[in-house]
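Enquirer: Here it is, the structure in full.
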Amino acid sequence: MEAINDIKKIRQEISKVVVGQHDVVDGLLRALLADGHVLVEGVPGIAKTLLVRTLAVVTGCSFKRVQFTVDLLPTDITGITAYHEKKGFYVVKGPIFANYIIADEVNRAPPKTQSALLEAMQEKQTTIGKQTFPMMSPFFVMANNNPIEQSGVYPLPEAQIDRFLFKIKMGYPDEEQSKEIIERNITLKKFEDYKLKAIINPKKILQLQEFTKSIKHTDKIKNYICKIVSATRDTKKYGLSLGKYIEWGASPRANIGLFIAAKADAVLKGNSFITPSHVKNIAHDVLRHRILLNYRGRAEGVNTDDVVKEILAKVPLP
């Protein structure tokens, strides 16, 4: 399968720059195939920005980075309508007009600025003044939030979180990987020194996204997906012991997310149809940010990953 060969080459090119983080790389590739956006959670300095920059180069796409700060305005992201004596009114497009956008520490900006991403992410368009402009194709947003600091940050609105297909957790490298990072880090080298090659291009990405949509499925798989999402809301029906900690279950977007993400996982694995294992592979990334815990759950340190794990264990396989 041609898609498998392309994905293998993309992984190899990324590994020239980014050490380890194979699960995160696969998560980003799934999101790209599924035409979705990703929220990455991880401490500063673990190569989140570098990873997306590398992915952009390897897939032949343009890349922009927006550093979210408390004084960032929505127009700093989308663009403005300006006036010149000779030219009259004209539009100055903001950094959101690129194939790949990294929203760095998105939780540092106030909700009004955070919401500037919403129209672009969901509708694939942005309004500047009275004009509406389509986003570039493909259009991929990877946002990250700072999980350490509590002062000077704003919680992401639930409506915005739900628009991310995945929430991926990016952890520390192990000791062997850390030794390799010492030799290969981008602080000592220039990004250009890695001599990355563009394996595919934007047109090819769009073709891969269409191919992902064509992956076959059965009604049994659709029923399985619906039962998993239903278990986040009707916890007693499935006998979830952690159900008492859930305030709100997953929205209907979770059904769609599990469905298209499972197709992307099938492409990644070289399969032509969805199986329950594909759904399980992506369930945590799709659901961990869509299950809202109540005060008791947060106070007792309950993790939504534990809830998803129990759901996958309790919901019967098709």
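The values are calculated or read from the model by the stated rules, or taken from the named source; none is laboratory data. Only a predicted model underlies this, so the values are computations on that prediction, with no experimental measurement involved. Methodologically, a virtual Cβ is constructed for each residue, glycine included, from the backbone with ideal geometry; neighbour enumeration extends over all protein chains shown.
Enquirer: Just name the residue that is farthest from the chain's Cα centre (by Cα) out of those in region 205-229 that are assigned to a helix (DSSP H, G or I), without any contact (Cβ under 8 Å) to a residue 60 or more places away in the chain and surrounded by fewer than 19 Cβ atoms within 10 Å (Cβ to Cβ).
Expert: At the first step, the residues of region 205-229 found to be assigned to a helix (DSSP H, G or I) are 205-213, 219-229.
With the extra rule that they be without any contact (Cβ under 8 Å) to a residue 60 or more places away in the chain, the set shrinks to 207, 210, 213, 219, 222, 225-226, 229.
With surrounded by fewer than 19 Cβ atoms within 10 Å (Cβ to Cβ) added as a condition, the list becomes 207, 210, 213, 219, 222, 226.
On the way: Gln207: 20, Glu210: 19, Lys213: 18, Asp219: 27, Lys222: 23, Cys226: 22 Å.
Of everything passing the filter in region 205-229, Asp219 is farthest from the chain's Cα centre (by Cα).
Enquirer: Quick one: in region 109-136, of everything that is modelled with pLDDT of 80 or more and of a type in the set (D, E, K, R), which residue is farthest from Val38 (Cα to Cα)?
Expert: Only one residue fits best here, namely Lys130.
Enquirer: Only one residue in Val302, Val279 is in contact with a helix residue (DSSP H, G or I) (Cβ under 9 Å, 6 or more places away or on another chain), buried (at least 17 other Cβ atoms within 10 Å of the Cβ) and part of a loop (DSSP other than H, G, I, E, B), so which one is that? Spell out the reasoning first.
Expert: Details: Val279 fails: part of a loop (DSSP other than H, G, I, E, B).
Answer to the check: Val302.
Enquirer: Collect the residues in region 105-136 that are surrounded by fewer than 19 Cβ atoms within 10 Å (Cβ to Cβ), in contact with a helix residue (DSSP H, G or I) (Cβ under 7 Å, 6 or more places away or on another chain), in contact (Cβ under 8 Å) with a residue 40 or more places away in the chain and of a type outside the set (Val, Ile, Thr), keeping them in residue-number order.
Expert: Ser115, Leu118 - these are the residues of region 105-136 that are surrounded by fewer than 19 Cβ atoms within 10 Å (Cβ to Cβ), in contact with a helix residue (DSSP H, G or I) (Cβ under 7 Å, 6 or more places away or on another chain), in contact (Cβ under 8 Å) with a residue 40 or more places away in the chain and of a type outside the set (Val, Ile, Thr).
Enquirer: Only one of (1) more than 27 Å from Ile215 (Cβ to Cβ); (2) surrounded by fewer than 21 Cβ atoms within 10 Å (Cβ to Cβ); (3) touching a residue at least 24 places away in the same chain (Cβ under 8 Å) is not met by Tyr245, so which one is it?
Expert: (2)
Enquirer: Which one of the conditions (1) out of contact with any Asp or Glu (no Cβ under 8 Å at 6 or more places or on another chain); (2) in a helix (DSSP H, G or I); (3) under 28 Å from Thr54 (Cβ atoms) does Glu310 fail to meet, given that it meets all the rest?
Expert: For Glu310, the exception is condition (3).
Enquirer: What about Glu105, is it in the same structural domain as Arg163 (by TED's automatic domain parsing), under 24 Å from Val286 (Cβ atoms), at pLDDT below 85 and of a type in the set (Asp, Glu)? Can you show your working first?
Expert: Working: in the same structural domain as Arg163 (by TED's automatic domain parsing): yes; under 24 Å from Val286 (Cβ atoms): yes; at pLDDT below 85: yes; of a type in the set (Asp, Glu): yes.
Taking the combined requirement at face value, the residue satisfies it.
Enquirer: For region 137-156, give me the residue count where each residue is surrounded by fewer than 17 Cβ atoms within 10 Å (Cβ to Cβ) and modelled with pLDDT under 70. Let's see the steps before the verdict.
Expert: Filtering region 137-156 for residues surrounded by fewer than 17 Cβ atoms within 10 Å (Cβ to Cβ) gives 137, 147-152, 155.
Subsequent filtering for residues that are modelled with pLDDT under 70 retains 147-152, 155.
Result for region 137-156: 7.
Enquirer: If you take the residues of region 10-30 that are closer than 23 Å to Ile260 by Cα and among the basic types (Lys, Arg), which of them is surrounded by the fewest Cβ atoms within 10 Å (Cβ to Cβ)?
Expert: Selected residue: Arg11.
Enquirer: Is one or more of the residues making up region 174-187 surrounded by 12 or more Cβ atoms within 10 Å (Cβ to Cβ), touching a helix residue (DSSP H, G or I) at 6+ places or on another chain (Cβ under 7 Å) and not assigned by TED's automatic domain parsing to the domain that holds Glu310?
Expert: Looking for residues that are surrounded by 12 or more Cβ atoms within 10 Å (Cβ to Cβ), touching a helix residue (DSSP H, G or I) at 6+ places or on another chain (Cβ under 7 Å) and not assigned by TED's automatic domain parsing to the domain that holds Glu310, one finds at least one in region 174-187, hence yes.
Enquirer: OK, next. Can we say Arg253 is more than 22 Å from the chain's Cα centre (by Cα) and within 19 Å of Leu156 (Cα to Cα)?
Expert: no
Enquirer: Here's a follow-up. Before we move on, is Thr59 assigned by TED's automatic domain parsing to the domain that holds Phe166 and under 18 Å from the mean Cα position of the chain (by Cα)?
Expert: Numbers: assigned by TED's automatic domain parsing to the domain that holds Phe166: yes; under 18 Å from the mean Cα position of the chain (by Cα): yes.
Yes.
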